[in-house]
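Visitor: Before anything else, here's the structure in question.
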Amino acid sequence: MPFHELTENGFQHIGELVPAELLDLFETQIHSLAVAGLEQKGLPVPETEPFAALLKTGGAFRTSLIGNLRNMDVVHMMASEVREKLKQLGFTEWAGLSVPLIYPTLRADPPAETTYLLPWHQDYATQCRKAWRLWIPLRDATPDTGSMSVVRGSHRLGYVEHDMTDPARPHVPEHLLTDLEQITLNMPRGSGVLFDPLLVHASVPARTPVTKFVLLIQVQDLTTLADPDSPDDPLASRLAMTARRDTHRRHS
């Protein structure tokens, strides 16, 4: 599979990364998890979207729950499928990964919650200079159900200085994007978009009462790891920005 779209536009669609049976298993386990958590707290279980109700209880339990979602066995099963698909498509060879880091994280964004939505930004938590990311919705991604917007070709801007007026929400200034095409992705569950970390992108919140689940696969080369001790390493300043963001989020 050629990756000229990734090079030219900064992103490229890849279909059928996660098989339907694993997506269905994920839904079953998320429902069971939500029911068990609500019952443990003595709360009623709503007929629709009980997981969103569980997240809204907040507190240390929510923090622990979110932190452990990536460790679900079904998430690692999905990541394994994606890893094999990348090899089959020839991406790992094309990318020239000497010491590959390919690992999953999982986002769960409940409806009507804006705290963790991301404005226009480049990926500032990327640890390696040679890196890509796969964004895979586990439910259909639309402007109504929640998605991601991208700015075509914005990776060509290089490292963009983010506006840190609000340290909890670093963002790329809008005026830099005026003449570039902004696209909101419409994608079926289990498909993905592979993108350059320098691509400017943003969260699209759900306008329906469902949780947006997204599997994120980090693809990086450990031989290009950022050096936090070097003042000339652009990734080091990005990681410092991430630390500041996380600190302000915890105290906001």
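Visitor: Gain in length, LEU43 to THR7, computed as 0.36 nm per residue apart minus the alpha-carbon separation, to one decimal in nm?
Guide: So the chain would gain 8.0 nm between LEU43 and THR7.
Visitor: Classify the range 1-48: rounded, prolate or oblate, from the alpha-carbon gyration tensor (a ≥ b ≥ c, eigenvalue square roots; a/c under 1.5 rounded; otherwise prolate if a/b is larger than b/c)?
Guide: Taking the square roots of the gyration eigenvalues as a ≥ b ≥ c, the range 1-48 is prolate.
Visitor: For TYR116, what accessible surface area do you get with a 1.4 Å probe? Give it in Å², rounded to 10.
Guide: 90
Visitor: Could you please tell me the mean projected area of the C-alpha convex hull for the range 92-138, averaged over all directions and given in square nanometres to one decimal?
Guide: Its Cα hull, projected and averaged over all orientations, spans 4.7 nm².
Visitor: In square angstrom, rounded to the nearest 10, how much accessible surface does TRP94 have for a 1.4 Å probe?
Guide: 110
Visitor: Related question: Which three extents, in whole angstrom, do the alpha-carbon atoms of the range 22-77 cover along their principal axes, largest first?
Guide: Here the Cα extents, ordered largest to smallest, are 31, 25, 15 Å.
Visitor: Here's something else I'd like to know. Let me check against my output: what whole-number percent is the relative contact order of the chain, with C-alpha pairs under 8 Å and at least 6 apart?
Guide: 30
Visitor: Computed over the Cα atoms of the range 142-231, what is the ratio Rg over Rh, Rh following Kirkwood?
Guide: Taking Rh as the inverse mean 1/r over Cα pairs, Rg/Rh reads 1.00.
Visitor: Could you give P(r) for the chain, binned at 10 Å from zero, as whole percent values over all Cα-Cα pairs?
Guide: Spelled out bin by bin, the chain gives 7, 29, 37, 22, 5, 0 percent.
Visitor: Another question, if that's okay. Taking the Cβ-Cβ separation of GLU93 and ARG156 as r and a Förster radius of 25 Å, what is the calculated FRET efficiency to the nearest 0.05?
Guide: E(calc), rounded to 0.05, equals 0.55.
Visitor: How much length is gained on full extension from ARG129 to SER80, taking 0.36 nm per residue of separation minus their Cα-Cα distance?
Guide: 15.3 nm
Visitor: Assigning unit charges at the beta carbon (Lys, Arg +1; Asp, Glu -1) and nothing else, what dipole magnitude in debye, to the nearest 20, does the range 13-164 show about its Cα centre?
Guide: Magnitude of the dipole: close to 640 debye.
Visitor: Please calculate the 1.4 Å probe accessible area of ILE66, with all protein chains present, and give it to the nearest 10 Å².
Guide: Surface open to solvent at ILE66 totals about 50 Å².
Visitor: For the range 1-63 and the range 87-118, what is the separation of their Cα centres, given in Å?
Guide: Here the answer is 15 Å between Cα centres.
Visitor: Keeping every protein chain in place, order HIS248, HIS121 by accessible area at 1.4 Å, biggest value first, i.e. largest first.
Guide: Largest accessible area first, the list is HIS248, HIS121.
Visitor: Another question, then. Among THR142, LEU157, PRO110, whose Cα lies farthest out toward the positive end of the dipole of the chain, if unit charges sit on the beta carbon of Lys, Arg (+1) and Asp, Glu (-1)?
Guide: Of THR142, LEU157, PRO110, it is PRO110.
Visitor: Here is a follow-up. Ratio of the range 61-139's C-alpha Rg to 2.2 N^0.38 Å, to two decimals?
Guide: 1.28
Visitor: What is the distance in Å between the Cα centroid of the range 198-252 and that of the range 121-160?
Guide: 10
Visitor: Measure off 7 Å from each Cα along the Cα-to-Cβ vector at THR57 and GLU27, then give the distance between these two points in nanometres to one decimal.
Guide: Label at THR57, label at GLU27, 2.4 nm between them.
Visitor: Follow-up question, since we're still on this one. Per DSSP H run of at least 4 residues, take -39500 (n - 2.57); add these up for the chain, divide by its residues and hand me the 222 nm value, nearest 500 deg cm²/dmol.
Guide: -10500 deg cm²/dmol
Visitor: Using a simple spin-label model with points 7 Å from Cα along the Cα→Cβ vector, what separation in nm is obtained for ILE66 and ASP166?
Guide: 1.6
Visitor: Averaged per residue, what accessible surface does the chain expose to a 1.4 Å probe, in Å²?
Guide: Ligands and nucleic acids excluded, the figure is 49 Å² per residue.
Visitor: Just tell me which lysines come within less than 21 Å, Cα to Cα, of LYS130; anything on the same chain fewer than 8 places away is out.
Guide: Filter leaves LYS85, LYS87.
Visitor: To the nearest whole percent, what portion of all C-alpha pairs in the range 102-252 is separated by more than 19 angstrom?
Guide: Cα-Cα pairs in the range 102-252 separated by more than 19 Å: 56 percent.
Visitor: How big is the dipole moment of the range 125-252 about its Cα centre under a simple scheme where the beta carbon of each Lys and Arg is +1, that of each Asp and Glu is -1, and everything else is neutral? Debye, nearest 20, please.
Guide: The dipole of the range 125-252 has a size of about 540 debye.
The values are calculated or read from the model by the stated rules, or taken from the named source; none is laboratory data. Bear in mind that the values here come from a model prediction, so they are computed numbers and not experimental data. Using ideal geometry, Cβ is built from the backbone for each residue, glycine included, and neighbour counts are taken over all protein chains shown. Calculation scope for accessible area: heavy atoms of the full protein, side chains included, ligands and nucleic acids excluded. Shrake-Rupley method; radii C 1.70, N 1.55, O 1.52, S 1.80 Å.
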